[in-house]
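Report on the structure given below.
The values are calculated or read from the model by the stated rules, or taken from the named source; none is laboratory data. Note that this is a predicted model, so its numbers are computed, not measured. Reconstructed Cβ throughout: ideal geometry from the backbone, glycine too, with neighbour counts over all protein chains shown.
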């Protein structure tokens, strides 16, 4: 079984953990949860760092996080970004490909296992999703092809219907909720082949989803536009960086303790 000594996560708000509150005023998220899966599933201790900052485009992730991440000498690095490019006014797909190619290739050359993923069809989640679908699928194609060339591992969420379940997404319809982050972490643990990881995350977690009635859907979309879309667009118009003043939540690799349940199992063994 493969074990990992040091895991470093880079990216945007998804990797930072929005909207998965940790109960202490911060965010947990799939990267923290994946790190816990790794720590609990192996005997060697795991050191974990998370350099992600919300609101960044992929070029900004590469410019501000990638070299510092490699300087930490990880043997596992997760790299994900590009959604902020997709939903922005301008989306340079060629630049996204260049950035992914460089980061995947350089991280692999440094000896790290590289982990990434694709996004599900946005039309099932977001009122504007049908307008973003072509861009999102193009981003997914870039991730797949560049990962294949570099030998990076891809969790292809576009191919799994469970990832489109609206109940896994926060009210802003851009970020996963706690359950969504939990599912992403479980899927990534399965993709890594961690000891004890299964494909049970693919099964519906809350029973069949009943679509809202048309009138409910319309009012829900209006409420979303007022409370989430308008403020986000306002920041863009005023050119206010979405991650302004935010620092990495875990900038240095530190040992991640095994979960309490894992510890209890170890003591009883």
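Taking the condition surrounded by 15 or more Cβ atoms within 10 Å (Cβ to Cβ), closer than 15 Å to residue 14 by Cα and either touching a strand residue (DSSP E or B) at 6+ places or on another chain (Cβ under 7 Å) or at pLDDT 95 or above (or both), does residue 158 pass? Before the answer, list the steps.
Values: surrounded by 15 or more Cβ atoms within 10 Å (Cβ to Cβ): yes; closer than 15 Å to residue 14 by Cα: no; either touching a strand residue (DSSP E or B) at 6+ places or on another chain (Cβ under 7 Å) or at pLDDT 95 or above (or both): yes.
Here the answer is no, as residue 158 does not meet what is asked.
Would the stretch 249-259 turn up any residue that is within 22 Å of the chain's Cα centre (by Cα), at pLDDT 55 or above and assigned to a helix (DSSP H, G or I)?
no
Tell me the residue from 61, 53 that is assigned to a loop (DSSP other than H, G, I, E, B) and buried (at least 20 other Cβ atoms within 10 Å of the Cβ), please.
Details: 61 fails: assigned to a loop (DSSP other than H, G, I, E, B).
Result of the check over 61, 53: 53.
Of all residues in the stretch 105-124, which are over 16 Å from the mean Cα position of the chain (by Cα) and either buried (at least 19 other Cβ atoms within 10 Å of the Cβ) or not in a strand (DSSP E or B) (or both)?
The initial filter retains those residues of the stretch 105-124 that are over 16 Å from the mean Cα position of the chain (by Cα), namely 105-113, 123-124.
Result: 105, 106, 107, 108, 109, 110, 111, 112, 123, 124.
Give just the number: which of (1) surrounded by fewer than 20 Cβ atoms within 10 Å (Cβ to Cβ); (2) in a loop (DSSP other than H, G, I, E, B) does residue 81 not satisfy?
The failed condition is (1).
Can you tell me which residues in the stretch 59-81 are farther than 30 Å from residue 3 by Cβ and touching a residue at least 24 places away in the same chain (Cβ under 8 Å)?
First pass over the stretch 59-81, keeping only residues farther than 30 Å from residue 3 by Cβ: 59-60, 63.
Of everything in the stretch 59-81, just one residue is farther than 30 Å from residue 3 by Cβ and touching a residue at least 24 places away in the same chain (Cβ under 8 Å), namely 59.
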